[in-house]
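The values are calculated or read from the model by the stated rules, or taken from the named source; none is laboratory data. What you are looking at is a predicted structure, and each value in this text was computed from that prediction instead of being measured. Note that we place each Cβ from the backbone using ideal geometry, even for glycine, and neighbour counts take in every protein chain shown.
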Amino acid sequence: MIDQPQMVFEATDEGRAATEPLRNDIRLLGGMLGDVVREQEGERVFELVEQARKKAFAVRRQEVDREGFAELFHDLSTKDALHVIRAFSLFALLANLAEDLHRERRRAVHVNAGEAPIDGSLAATFPKLQAAHLDNRQVESALRDATVVPVVTAHPTETRRRTVFEAQSKIKRIMRTRERMTLNAEEERDALRDIKIQIITLWQTALIRLKRVQIEDEIEVGLRFFEASLFDVMPRINAQVRRELNELYPGADLLEEPMLRAGSWIGGDRDGNPNVNADVVATASRRASQTALAHYLRELNGLEVSLSLSKRLAPISDSLTTLADLNTEDERDDEPYRRAIRWIRGRLERTYENFFGRPADGAIEVEGAAPYAQAQEFLDDLNVVDDSLRANHDDLLADAELAGLREAVRTFGFHLYGLDLRQNSDVHEETIAELFAWAGVHDDYAALDEDAKVELLVRELSSRRPLVGRGAEFSEQTSGELAIVASAADAVKTFGTEAIPNYVISMCTSVSDILECAVMLKEAGLYVPDTDGATCSVNIVPLFETIEDLQVSATTLRAALALPAYRALVDSKGGLQEVMLGYSDSNKDGGYLAANWALYRAELDLVDVATEFDIRLRLFHGRGGTVGRGGGPSYDAILAQPPGAVRGSLRLTEQGEIIAAKYAEPALAYRNLEALVAATLESSLLDIEGLDDTDQAYRDLDELAALARDAYSELVHHTDGFVEYFKTSTPVAEIGALNIGSRPASRKPTEQISDLRAIPWVMSWSLARVMLPGWYGTGSALERWIDGDETKLAKLKHYYEHWPFFRTVVSNMAQVMAKSDLGIAERYSRLVDDEALRERVFGKITEEHARTLRMYAAITGHEDLLWDNTALKRSVFNRFPYLEPLNHLQVELLARYRAGDEDEQVRRGILLTMNGLATALRNSG
């Protein structure tokens, strides 16, 4: 049996008292679920689930070994296995729900007790800024065009049905009501009955779809969170930040535009996803705009009801009178605000119909109302109403009834979010080669060396002549690529330039990769040559992913900026150059520590290039949910960036299941979004590096990263049979075979780890509870570098105490290791028939795991991996027993499936275990 550090939690009376409400909630919800299982499936199934639950907790208490626990499922029928899987998936879902409520509860306790605001909150950030005594010029410079953009991306395990999503929300609302109000006996019975109704609904609702998820489904899942929270929270934070900064720095010219905006990859990211085509790009941009306009129309309907002010009793401005009088058919002459709002609503209804070719649901007709040409016109009309209210001492009404809508229009416009396009550089090269051959520019572009490619591309970018003419015939791939950029151009024309703001180039390795993208945009009319250079409505964003590409990223960018044609393009964007950094592939390439250091080094080098060329650099962090893909607490991650790397602006990806964990409702969304903004402000305006000798620290990390990469590569790239071990001991093959998500698991058919997409790579190790991408190689590097030298150990202790980067790397590693369980991982290893291979690879994993734990304790002085994260420690302690049956049943069903059991119920059971484990882990990929 594999030894695993046991999680001991809340030994003190104070700790137990603080979390007793959480345990009560879990007992209540778990007990109700048990009642539903008994009532719906009978006593036998209930006893089976209850037996599994009790034994799972006994395993944690080390009263039962896993061998005995696994025997419970060996002869279990597939039908009964599905019952158990669904029960524990819902146990995990309800435990998550209880945790979210408890975080709210504890936060309220601290606030009500008058305690200092916690780091990561805006309430803590603004006093820090005030204490720094910054002058207006410093703040203006750092926050020029400040932008924080969480970019939602799809994920194969986040396919929850709307019914499931809404049932969770209803349970939370009822639980909050029970806590905040004193209910009489009848009201309490009604509340518990209503909770049970939702649990019955969850039990009888399929948790996942049976057919392969379509991109349209993923688009709708992403849009769901705007109504759930983002329409409320994003504008509120934007208004708060603008107000607070203007109070702190009254003479500064700050935040004319909203700082916090929304972005999406869902429907625009076609790197390795052939299902994304021109129609999908059109659908994604159209549905985003529909969602925004439908929200505004609902808000206007509410305003028309509430702004009942009579002109006999409330003075109004001349501008408001003029606006109201445009509504010539409205007979409410005494109620000018209502008439004005009805006119505005009529114009927005026509805008909706103009965009989408049909009226909105419940549309009204207002004679003479013409569509708005752009969102600013809509905002101008709303401002007329707002100005009239404020001019006549109705500020409270303006704040309560209108401010949220005005700020929402500023934040979301008519486009809702910026939809990024993304494609692999290899596809661009193939497309350009075919275009050049057809147009007679060059018959074999791909065979040219880099200098010749750049010369040819620069010449083409200076010409207004299109490459594609009538009668052109291309391959399916090239035709598809041209159709996509044409669809993007249509979206820009209809919804504005912010609808398609960026084009990300995956696997960017050269200047020609950047210029090829520009040529494609030129063909769609998005890049326009002129006598002074060029203009382009779309930011061209190179994505550097592998460690080697990160190491030469600054060289690549410097060479591009040295070209007058490209520099003119950057200047036309106000001197802004965005660069995306790939956390996932760099980690898969070189391991956790090497990847994190390569990213840090790349950022330093890119900051130097930006300074050299006097441009503004905006970094786009391609973070996943897990630590192995750049995950971890966002506030700490942003503070851990090198000096000069933030400068008021950043974008970062937020993927599937993490979106639900962060943005499912307003309270969650506010906490997570304020952390992004707070960290951005602090990183941009405060000195947080904490190092005395940066050059020495950087040299030390260079050495550590090289050692870590060697250790990781020895296992992943140089161990005979490793790929076979990985494919057999994890569910990676089934992730591709079982139609999870809209995207194929690999970029192309291959047996190589390098071609596997990062999500299935990380997700597979997470489901098998190894969590290898989040720690492997770090222990060996630390041990070899220290090599018994107490001076070197003292150095690392100092870095951990004073350097945000190093502390965050170590802390995130500890968090992911706390979620690992090599006892469970050993069960997965038994899926490998080759005993010698199993012992060779799993032996290395267990040795490195133990080594990394030892080094963590030596550097931090703590054997407890979560000593500095009480909330996660509580979460792990409460939720992880519910993972135990899901893991064992996944192993059991994988064995049956691979042995040839073709029962559709077996396939469905595997899929359900993946979804259930992702729910419980909350960041599986």
*Any idea which of (1) touching a Phe, Trp or Tyr at 6+ places or on another chain (Cβ under 8 Å); (2) closer than 30 Å to Gln214 by Cα; (3) of a type outside the set (S, T, N, Q) is the one Leu93 doesn't satisfy?*
(1)
*Within region 538-585, work out how many residues are in a helix (DSSP H, G or I) and under 22 Å from Arg459 (Cβ atoms).*
15
_Answer from Leu435, Leu456, Leu448, Leu402 - the residue that is aliphatic (A, V, I, L, M), in the same structural domain as Ser475 (by TED's automatic domain parsing), buried (at least 23 other Cβ atoms within 10 Å of the Cβ) and more than 29 Å from the chain's Cα centre (by Cα)_ = Leu435
*Would a scan of region 162-174 turn up a residue that is over 27 Å from the mean Cα position of the chain (by Cα) and of a type outside the set (S, T, N, Q)?*
yes
*Output the number of the condition that Ile85 fails; it satisfies all remaining conditions of (1) within 30 Å of Leu912 (Cα to Cα); (2) at pLDDT below 85; (3) hydrophobic (A, V, I, L, M, F, W, C).*
(2)
*All positions within region 537-560 that are surrounded by fewer than 21 Cβ atoms within 10 Å (Cβ to Cβ) and among the hydrophobic types (A, V, I, L, M, F, W, C)*: Val552, Ala559
*Could you tell me whether region 207-229 includes any residue that is surrounded by fewer than 17 Cβ atoms within 10 Å (Cβ to Cβ) and of a type in the set (Gly, Ala, Ser)?*
no
_Residue tally, condition under 25 Å from Glu20 (Cβ atoms) and of a type in the set (Val, Ile, Thr), over region 61-117_ = 2
*Go through the residues of region 869-878 one by one and say whether even a single one is under 31 Å from the mean Cα position of the chain (by Cα), outside any helix (DSSP H, G or I) and without any contact (Cβ under 8 Å) to a residue 60 or more places away in the chain.*
yes
_Hits in region 205-244 - residues which are within 17 Å of the chain's Cα centre (by Cα) and of a type in the set (Ser, Thr, Tyr)_ = Ser229
*Report, by residue number, each residue of region 160-217 that is part of a loop (DSSP other than H, G, I, E, B) and among the hydrophobic types (A, V, I, L, M, F, W, C).*
Met181, Leu183, Ala206, Leu207, Ile208, Leu210, Val213
*Is it the case that Leu309 is among the hydrophobic types (A, V, I, L, M, F, W, C), without any contact (Cβ under 8 Å) to a residue 40 or more places away in the chain and assigned to a loop (DSSP other than H, G, I, E, B)?*
no
_Among the residues of region 770-819, what is the count of those that are surrounded by 24 or more Cβ atoms within 10 Å (Cβ to Cβ) and either without any contact (Cβ under 8 Å) to a residue 40 or more places away in the chain or not in a helix (DSSP H, G or I) (or both)?_
5
*Working carefully through the options Asp380, Asp386, find the one that is in a helix (DSSP H, G or I) and touching a helix residue (DSSP H, G or I) at 6+ places or on another chain (Cβ under 6 Å).*
Asp386
*Which listed residue, of Ile505, Ile514, Ile484, is in contact with a His (Cβ under 9 Å, 6 or more places away or on another chain) and in the same structural domain as Ser537 (by TED's automatic domain parsing)*: Ile505
*Test set (1) over 19 Å from Glu304 (Cα atoms); (2) not in a helix (DSSP H, G or I) - Arg410 fails condition number*: (2)
_Scan region 689-711 and tell me whether some residue there is at pLDDT below 85 and touching a helix residue (DSSP H, G or I) at 6+ places or on another chain (Cβ under 7 Å)._
yes
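Listed here are the residues, each with its yes/no results for (1) hydroxyl-bearing (Ser, Thr, Tyr); (2) surrounded by fewer than 19 Cβ atoms within 10 Å (Cβ to Cβ); (3) assigned to a helix (DSSP H, G or I); (4) in contact (Cβ under 8 Å) with a residue 40 or more places away in the chain.
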residue	(1), (2), (3), (4)
Arg53	no, no, yes, yes
Ala58	no, yes, yes, no
Glu63	no, yes, no, no
Val84	no, no, yes, yes
Ala87	no, no, yes, yes
*Somewhere in region 359-373, is a residue surrounded by fewer than 17 Cβ atoms within 10 Å (Cβ to Cβ) and under 30 Å from Leu255 (Cβ atoms)?*
yes
*Scan region 562-595 residue by residue and report those that are buried (at least 24 other Cβ atoms within 10 Å of the Cβ), in contact with a strand residue (DSSP E or B) (Cβ under 8 Å, 6 or more places away or on another chain), free of Cβ contacts under 8 Å to residues at least 60 places away in the same chain and among the hydroxyl-bearing types (Ser, Thr, Tyr).*
Tyr583
*Do you know which residues across region 24-38 are touching a residue at least 12 places away in the same chain (Cβ under 8 Å) and either of a type in the set (D, E, K, R) or touching an Asp or Glu at 6+ places or on another chain (Cβ under 9 Å) (or both)?*
Asp25, Ile26, Gly34, Asp35, Val37
